[in-house]
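Below is one structure; the comments refer to it alone.
The values are calculated or read from the model by the stated rules, or taken from the named source; none is laboratory data. Just so it is clear, the model here is predicted, and its values are computed rather than measured. We place every Cβ from the backbone using ideal geometry, glycine too, and count neighbours over all the protein chains shown. The protein model used for the area step is the full one, side chains on, heavy atoms only, and it has no ligands, DNA or RNA in it. Shrake-Rupley method; radii C 1.70, N 1.55, O 1.52, S 1.80 Å.
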Amino acid sequence: CLSDVSKQFDRIRALDHVSLAIPEGRIIGLLGPNGSGKTTMLKILAGLYTEYEGSVSIDGMRPGAKTKACVAYLPDSSCLLVSDIVRLYEIFFADFDAEKCRELLAAFAIGLSKTPEEMSKGMIDKLQISLVMARRARLYLLDEPIAGVDPAARDYIMGTIINNYADNATVVISTHLIADIERVLDEVIFLKDGRIVRHETVDELKAQEGKSVDEVFREEFRMGEVR
């Protein structure tokens, strides 16, 4: 739950008085153009940004060390080392299922002995997906989880995501590839200049507009402007 949250970087206001309740058991698309505040919101929820205005609560707690036990965050970067990474996750996260992670890695044809130099951006993205989805978290925050993979692999990755989270967990996916994920979404949030301009269920949006989420998004942000 975010209440009147704002975040400033020098002269740029990344989030501007955002209030939002995130329900359990839903897959939510966090959508918006570059610079709209998507990554900033995810990093606040993940506890990586601790200085901001307003209040944030996850299971009644401010994001931080305690909430890391129930939040799994996939950043939009490939900074993880392969060597001993499964063992490190076992040490740091009590909810990490090493066997499930190995199964996911095998399904992605990623060997445990690979080095970062041997892996493409897409392979590293698959590694990160395996690590994150092998946790038994309550809140999964996925920042561009399919941006670095080829179209043929996107359906498999989305299947991996939706088949590996608990019924009472929530998945928030930030992406530009809306057409590739909208079939799995329950709700959508549109962000523009750090503000929420739309938040509704996918069924409500389609019934109201008579169009797909991707089509509505393109119209809302045509030429970089909100209607």
For ARG154: the one exception among (1) open to solvent by less than 20 Å² (accessible area, probe 1.4 Å); (2) under 19 Å from the mean Cα position of the chain (by Cα): (1)
The lone exception for PRO33 - which of (1) surrounded by 18 or more Cβ atoms within 10 Å (Cβ to Cβ); (2) in contact (Cβ under 8 Å) with a residue 40 or more places away in the chain it fails: (1)
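Results for (1) within 20 Å of ASP193 (Cβ to Cβ); (2) surrounded by 13 or more Cβ atoms within 10 Å (Cβ to Cβ); (3) charged (D, E, K, R); (4) over 20 Å from the mean Cα position of the chain (by Cα), shown as yes or no for each residue.
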site: GLU24; (1), (2), (3), (4): no, no, yes, no
site: GLY29; (1), (2), (3), (4): yes, yes, no, no
site: THR39; (1), (2), (3), (4): yes, yes, no, no
site: THR50; (1), (2), (3), (4): no, no, no, no
site: ILE58; (1), (2), (3), (4): no, yes, no, no
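Rundown of residues vs (1) among the β-branched types (Val, Ile, Thr); (2) closer than 26 Å to ALA166 by Cα, yes/no style:
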| site | (1), (2) |
| --- | --- |
| ILE12 | yes, no |
| LEU15 | no, no |
| ARG26 | no, yes |
| TYR49 | no, no |
| GLY60 | no, yes |
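Limited to segment 169-227, what total is found for residues that are part of a loop (DSSP other than H, G, I, E, B), in contact with a strand residue (DSSP E or B) (Cβ under 6 Å, 6 or more places away or on another chain) and open to solvent by 10 Å² or more (accessible area, probe 1.4 Å)?
To start, the set of residues in segment 169-227 that are part of a loop (DSSP other than H, G, I, E, B) comprises 169, 175-177, 185-186, 193-194, 210-212, 221, 225-227.
Subsequent filtering for residues that are in contact with a strand residue (DSSP E or B) (Cβ under 6 Å, 6 or more places away or on another chain) retains 185-186, 194, 226.
With open to solvent by 10 Å² or more (accessible area, probe 1.4 Å) added as a condition, the list becomes 185-186, 226.
Selection size over segment 169-227: 3.
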Segment 116-145 - residue that is assigned to a loop (DSSP other than H, G, I, E, B) and either open to solvent by 10 Å² or more (accessible area, probe 1.4 Å) or modelled with pLDDT under 85 (or both) and, of those, farthest from PHE93 (Cα to Cα): SER120
Failed item in (1) without any contact (Cβ under 8 Å) to a residue 60 or more places away in the chain; (2) among the basic types (Lys, Arg); (3) surrounded by fewer than 15 Cβ atoms within 10 Å (Cβ to Cβ), with LYS68 passing the rest: (3)
Pairs where the first residue, in segment 182-196, is of a type in the set (Val, Ile, Thr) and the second is modelled with pLDDT under 90 and not in a strand (DSSP E or B), C-beta under 7 Å, 6+ apart: VAL184/MET158; VAL184/ILE162
Qualifying positions in segment 4-22 - touching a residue at least 24 places away in the same chain (Cβ under 8 Å) and either of a type in the set (Lys, Arg) or part of a loop (DSSP other than H, G, I, E, B) (or both): LYS7, ARG13, ILE22
Segment 128-156 residues that are free of Cβ contacts under 8 Å to residues at least 24 places away in the same chain, paired with ones that are open to solvent by less than 10 Å² (accessible area, probe 1.4 Å) and of a type in the set (Phe, Trp, Tyr) (beta carbon under 9 Å, 6 or more apart): none
